[in-house]
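The values are calculated or read from the model by the stated rules, or taken from the named source; none is laboratory data. Predicted, not measured: the structure shown is a model, and the values here were computed from it. Neighbour counts run over all protein chains shown; Cβ positions are idealised from the backbone, glycine included. For accessibility, only protein heavy atoms count, side chains too; no ligands or nucleic acids. Shrake-Rupley method; radii C 1.70, N 1.55, O 1.52, S 1.80 Å.
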Amino acid sequence: MGPIADAIAAALCRRGINAQSCDEIPDAATSVVFVGGLAPELDDDAQIDVCRQAFRALKSFAARALEHGGSFVTLQDTGGDFGISGHERAFLAGLAGLVKTADLEWPLASLKAIDVARAGANETELAERIVDELLAGGPEIEVGLSGDRRLCPRSVLAPIATKAEPRASVLVCSGGARGVTAATLIALARRSPSKIALLGRTALEEEPAPCRGVEGEANLKRALMLAAKAEGLPVEPAKIGGRVARVLAMREVGETLAALAAAGAEVMYLPTDVADRESVATALEQVRQRFGPITALVHGAGVVADKNIVDKSDEQLERVLAPKIGGLRALLAALAEDPLHTIVLFSSVAGRTGNVGQCDYAMANEMLNKVAARERRRRPGSVVKSLGWGPWEGGMVTPALKAHFEAHGVALIPLEVGAKMLVDELAEADSEVELVLGGEPRRAAIAGEARPHSFVLRVARESHPHLTDHRIEGTVVLPVVQVLEWFTRAAEAITGRRVAAIEHIRLFRGVTLPRFDHGGDALALRAATSSDGARIALSLCDVVEPNQRYYAAEAVLCDTLPVAAPERAPDDELMLSPRPGAIYGDSLFHGPELQVIRNVQGVSDGGIVGELDTTASRAWRDGPYRTDMAALDGGLQLALLFSEHCLGGRALPTALGAYQRFTAAPPVGPVSCTLIGRAQKPTTTSDITFRDAQGKVVARLCGVETHQRP
C-alpha cells in the first residue's frame, strides 16, 4: 500500500493497536483505514477510481460491520478542508459521501472521513497526526487536519439578499427537459429571457397511432393492449409499459419546450447521451451554430439506483456516476473554450448528509459540490453554484417517499418555490458556492428511524495529558467535565444540531483509569436519538460489559443556542469574606494542568465567587472543544471550597443535575464564576454561573451536590 500505510500501521502498533498494511482486507479485520486518497499523484480519472476502490472495500466489509460493528475510515488529501476552498483533487470528495451513507446504514459501526493536508509533512508526521485523530479525535464523521488545525464542516444558515437580475445567456442544460429542472428553467426564462439548449436522453419520435389523443398512463396501456390484440400480436406488459413511458416522456419534453417558448426563450432540444463526450461535443457544436458562444451551464442530469451498500453492484454504482460525473466532465471539456459566466450544478442534500441506499448518489453529489468550488477558483468573476436540493414535490420523490419525509419533519420543496430559489441564487453572485436548499440538512431526519450509535473512547496519557493531574491517591479518576465534553461532542456529531443542555445526569459509579500511564483505558459511549429528534440519550459504559454504566444523561438539541435565564436570587445576601489558606495542596488535590482557579474573591454560607482560567489558555490535546472543560472543572473546584467552608472538611462532588450551554465555543479569556448554594450536613447543593470578560453568561451548572469525605 505504500509508505504512508506502513507508517500508519507502525504508529498504531506503537500505541498498542494490532495493525498491518495490506492490499486486501483480512477476514479477521475489525477496523479498516483506507489510504487510497493520500496517493501523491492523482488526476481526475485516478481520483474517481480511488472512490470506486473505496466503495468495493466498504462493500467487502459491510457484512461484518452490520453484524459486529467495527470501524471504517477513509483518508484523503484535499487540503484539510474537504475541498471547500477549491482543491484540485475535487473528485476525492466522493469518499466523504460514501462514508456518511455507510454511517447511516451500519448502526453498530464507527465511520469517519479524514482529510489530512500532506503539504510540508513527511509520512511519519502524517501518520502520527492521523493516529491521534483515530484514537482521540472525537466522534465527528468528517474531520479535516491541516497543520495544527482540526476542522469539522458544519452547515450554517445563509440568507439570500438579491442584488441583480440574472444575466441573459446562451444556456445549455442537461436533464432540463423534464421534471424539476425544467420547472426551474421556465422560471429563469420568465425572469431573464435567454437562448436555451436542452440536452436529454429522450429521443423525440412520432407517437404510436393508438396513443394519439389518449390521456393518462392507464388509458395509454389499455389502448396499446387493445391495438396489439387487434393485430394478433402477443400482449407483453413489460414492453407496453416501456412504450407508455416513452410516450409520456416525449409529451413532457414537448410541454417543457412550449412553456419555455411562452416564457420568452428561444429553445432547442438535442437528444444526447450526456455521459458520452463525443455525443456532448457534437450537440454543443449545433448549439453554437444556432445561438453563438455558450455562456451558461446548468447540469441537472441524474439517476438513482437505490440499494444498501451490502447489496449494491458495481453496475449500479456506474449507472449513477455516469450522468452526474461523466456528464459533468463531458460538459466541462466541451465548454473549455466558451465564455462561461455562470455554472449551476444540481446537487442533493444527500451529498451533505449521506442517505440510506444512496451511497453512489451521495458520492456523486459530493463530487459536484467540490468540483463547483474548484471551478469557482479557476473562474474568478463567474457565478458558480452547487445547489444541494432537498426533496421536491415531484421528480424522484414518490408518494411513499413523500410520506416518509413528512413523517420525519423533512419539508418538501414545491416546484414553484424551488424554481424561485434558483432564480434568486443566480442573482446573488457573491454568496457561497455550495448550498443546501429547502431546509436545514439533518442526518437523523434523512435516516428516518432513530437508531443507536456507539463509539469506543481510548483514554491515555498521550491523548488526554491534562487528566494526569486529576488523581486521587495516585489513580487517575475521570472528571465529570470530560464526560460532558464527550456527550456534547457526540450529540452534535450525530445530529448536526447544537446541544443546549445536558440534563438528567446520573452517576452510577466513578471511572478510574488504571492503565492511563500504560497504554490507556477503553470506554464505550452509546447514544440514541428520541423519536421527535429533540433529545438524544447518552451513556458511558464499560467496553467489555456494556450493561455496566458509569454515566447516563440526555442532551437537549436546538437549532440556535438559548439566552441564559436570570440567576435565581440567593436565599441570603452573599456577605463574602476572603478565603484563608492555600487553595491547591491544602484544600484541593488537582495537579498543575487543572489548577485553574486564579483567585477566590470571597466565600460565605451563601456561596463563593472566583475567577477561572479557560480551556483556551491550556495547550490540551483532543480539541477543538465544545465545552470549557477547564472553567467547568474550576467551578466544581469552587464548589469543593464552598463545601469545606460550610461543612468544615474536604468534600467530593457526587451529583450534577444539568449543564446549560449558551455559546457554541468556549470563551478565550478568563471567566468569572458565581456559586450560590446552601449546606445541610453532610452535603451542599449549589448552582454555578460562568461569565466571560464582557459579563455575558456562557454556561451554568445546576444542582451540583458535594458530600463531605469521612
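Things to note:
- Mean shadow area of segment 153-290, taken as a quarter of the surface of its Cα convex hull (nm²): 12.8 nm²
- Estimated D of the chain in µm² per second, where Rh is the Kirkwood radius over Cα pairs and Stokes-Einstein applies at 37 °C, 0.692 mPa s: 116 µm²/s
- In plain terms, the bigger the Kirkwood radius, the slower the diffusion; for segment 609-685, with that radius from Cα pairs, at 10 °C and 1.306 mPa s, Stokes-Einstein puts D at 116 µm²/s.
- Within the chain: Cβ-based charge dipole about Cα centre, in debye rounded to nearest 20 (Lys, Arg +1; Asp, Glu -1): 840 debye
- Additional length obtainable on full extension of the chain from E24 to A619, 0.36 nm per residue less Cα span: 210.3 nm
- Accessible surface computed residue by residue for the chain, with neighbouring protein chains in place and a 1.4 Å probe, gives 42 Å² per residue.
- Annotation: for a label point projected 7 angstrom from Cα along Cα→Cβ of E416, no residues of segment 172-209 have a backbone N closer than 11 Å.
- With a Förster radius of 56 Å applied to the beta-carbon distance between A158 and A209, the computed FRET efficiency rounds to 0.60.
- Dipole orientation for the chain: of the candidates V172, A261, G390, A261 has the Cα lying most toward the positive pole (charges on Cβ; Lys, Arg +1; Asp, Glu -1).
- Computed over segment 583-710: relative contact order in percent, which uses C-alpha pairs under 8 Å that are six or more apart: 26 percent
- Taken along the Cα-to-beta-carbon direction at a fixed 7 Å, the label points for A258 and V563 span 5.6 nm.
- The length gained on full extension between N599 and A664, counted as 0.36 nm times the residue separation minus their Cα-Cα distance, comes to 20.8 nm.
- Segment 491-519 residues near the modelled R709 label - backbone nitrogen below 16 Å, point 7 Å along Cα→Cβ: 510-512
- Normalised contact order of the chain, rounded percent, pairs of Cα under 8 Å and 6 or more residues apart: 11 percent
- Spin-label model, S313/A655: points 7 Å from Cα along the beta carbon direction are separated by 6.1 nm.
- Residue separation of A46 and R379 scaled by 0.36 nm, minus their Cα-Cα distance, works out to 117.5 nm of gained length.
- About its Cα centre, the dipole of segment 1-94 is roughly 480 debye, where the only charges are +1 on Lys and Arg Cβ and -1 on Asp and Glu Cβ.
- Projecting the Cα atoms of P514, V704, S194 onto the dipole axis of the chain, where Lys and Arg carry +1 and Asp and Glu carry -1 at the beta carbon, places S194 farthest toward the positive end.
- Computed in the context of the full set of protein chains, the accessible area of the chain at 1.4 Å probe radius has 53% of its extent on carbon or sulfur.
- Label positions at R56 and T282, each projected 7 Å from the Cα along the C-beta direction, are separated by 3.2 nm.
- Cα-Cα over 32 Å, subset of K307/K370; K195/K307; K307/K385; K229/K312; K195/K312: K195/K307; K229/K312; K195/K312
- Of all complete DSSP H helices in the chain, those with a Cα span along the helix axis of 15 Å or greater and a mean Kyte-Doolittle hydropathy of 1.0 or more are 3-14, 629-647.
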